[in-house]
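Student: Have a look at this one before I ask anything.
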Amino acid sequence: MPFSATGSSRMRYGYSTGALTKGDFRAALRMLEAHDVSGVEISALRMHELEEMIEALPTLDLARYGGHVSLHAPSKFDAAEEGPLAERLAGIAQLVEGIVVHSEAILDASAWRPLGDKVFIENADGRKRTGRTTAEMEKILAELPEARVCLDLAHVYQVDPSLIEARRMLRAIGSRVGQIHLSQLDHSCGHQPLMYGVVHEFQSLASLVPETTVILESCVDEDEIGFQLELARQCFLPAATPQV
C-alpha cells in the first residue's frame, strides 16, 4: 500500500551504524555511501568497541552527513567505568553534534555535566529501571540542565502503545530533542525494520515532533536501507493518505 506523499522536507534522515553492522562502523559507513542521508550515528554499544571508534573519528570523511554526526556511547558500564568513560568522550565531543547515552545507564549525573549540550539522553524501553516515562526523563534532565534528548519512538511506543506517553513527552521535553531514533521493537525489545502499520501510528505524532535529525535503528541488510529511509520519511507526514 504505497503512500501518496514522498517525505517530510523539514526533517533530516540518517542511519545508525550499529543497526547495519555489529561493531564494524567502517563497513556500515560504506553501506550508506549509495544513499541520500544527511546524518549518521556511529555506534560503540560495547565498551571494547569504544577506543577504536574514538581513534578513528578524526580520520573519517563524514562531510556528506551535513554536520549531524552523533556517537552512541556504550549501553552498559559500571560505576567505576562511568567517570573515565565520560571524560574520554569529552575529549572528542567537539567533533560531533551529540553523544547518545542511555538514561538508565547514568549512575552519576555529575560525570556527564561537563559535556553540556553534547549529551543526548535516550529514553528507555519498559524493561529498564528509569527513563521510561516523561516524569522519569524530567528527573534525569533536571540533573543535566544543558543535556538534550535522543527521543526513541520505538521505546516510548513499547512503553505505551496508545502513544499518550509519547505525546506527553513531546509536549514536556520536545524543545530539548537533539535527534530521534526510529525503528520497531520485537518481543525482546530488539530493533527491527519499520513496517507500514507503525508508520501510520507515528504519523499521529508528526505535528508535535520538532525539526531535527531522524536516525534509523532498523536492523536490515544493505539492500533494504533505501526502503527503510522512505518509510522513515512517511512517519513525519501528518496528513499522508494511503492509496488503495
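Student: So which lysines can Lys139 reach, going by Cα to Cα under 23 Å and dropping same-chain residues fewer than 8 places off?
Tutor: Of all the lysines, those that pass the test against Lys139 - Cα under 23 Å, at least 8 places apart if same chain - are Lys76, Lys118, Lys128.
Student: Can you send over the carbon and sulfur percentage of the accessible area for the range 85-244, probe radius 1.4 Å, protein chains only?
Tutor: That share works out to 51 percent.
Student: Write down the Kirkwood hydrodynamic radius of the range 33-140, to one decimal in angstroms, obtained as one divided by the mean of 1/r over all alpha carbon pairs.
Tutor: 14.6 Å
Student: Which is the longest stretch in the chain that no exposed loop site breaks, taking sites as trypsin sites (Lys or Arg not before Pro) with a DSSP loop state and at most 12 other Cβ atoms within 10 Å?
Tutor: With trypsin sites (Lys or Arg not before Pro) excluded where exposed in loops, the chain gives 130-244 as its longest stretch.
Student: Order Thr213, Thr59, most accessible first, counting only protein heavy atoms with a 1.4 angstrom probe.
Tutor: Thr59, Thr213
Student: Let me ask something additional. Assigning unit charges at the beta carbon (Lys, Arg +1; Asp, Glu -1) and nothing else, what dipole magnitude in debye, to the nearest 20, does the range 100-229 show about its Cα centre?
Tutor: Its charge dipole is roughly 620 debye.
Student: Please check: in the Gaussian network model of the chain (C-alpha springs, under 10 Å), which one of Leu107, Leu29, Leu50 has the largest mean-square fluctuation.
Tutor: Leu107
Student: Heavy atoms only, probe 1.4 angstrom, no DNA, RNA or ligands counted: give me Asp160, Asp108, Asp61 ranked by accessible area, highest first.
Tutor: The ranking, largest first, comes out as Asp61, Asp108, Asp160.
Student: Next question, about the same structure. Using amide H atoms built 1.01 Å from N in the peptide plane, name the residues 5+ places from His181, or on other chains, whose amide H lies under 5 Å from its own.
Tutor: Leu151, Asp152, Leu153, Ile215
Student: In addition: Need the full-extension length gain, Leu95 to Ser38, defined as separation in residues times 0.36 nm minus the C-alpha distance. One decimal, nm.
Tutor: 18.9 nm
Student: Also: Could you state the accessible area per residue of the chain in Å², with a 1.4 Å probe and every protein chain left in place?
Tutor: Accessible surface, normalised per residue, equals 43 Å².
Student: Need one value: the accessible area of Leu45 in square angstrom, 1.4 angstrom probe, rounded to the nearest 10.
Tutor: We get 50 Å² for Leu45.
Student: Also: Between Rg and the Kirkwood Rh of the chain, both from Cα atoms, what is the Rg to Rh ratio?
Tutor: That ratio is 0.94, to two decimals.
Student: Convex hull over the Cα atoms of the range 128-244, averaged projected area in nm²?
Tutor: 8.0 nm²
Student: The chain: longest stretch without exposed GluC sites (Glu not before Pro) (DSSP loop, at most 13 other Cβ within 10 Å), sites themselves excluded?
Tutor: For GluC sites (Glu not before Pro) (loop position, at most 13 other Cβ atoms within 10 Å), the longest site-free span of the chain is 34-210.
Student: Could you state the principal axis extents of the C-alpha atoms in the range 88-156, from the largest down, to the nearest angstrom?
Tutor: Taking max minus min along each principal axis of the Cα atoms, the range 88-156 gives 32, 22, 17 Å.
The values are calculated or read from the model by the stated rules, or taken from the named source; none is laboratory data. What you are looking at is a predicted structure, and each value in this text was computed from that prediction instead of being measured. Ideal geometry is used to build each Cβ from the backbone, glycine not excepted, and the neighbour counts take in all protein chains shown. We work out accessible area using only protein heavy atoms, side chains counted, and drop any ligands, DNA or RNA first. Shrake-Rupley method; radii C 1.70, N 1.55, O 1.52, S 1.80 Å.
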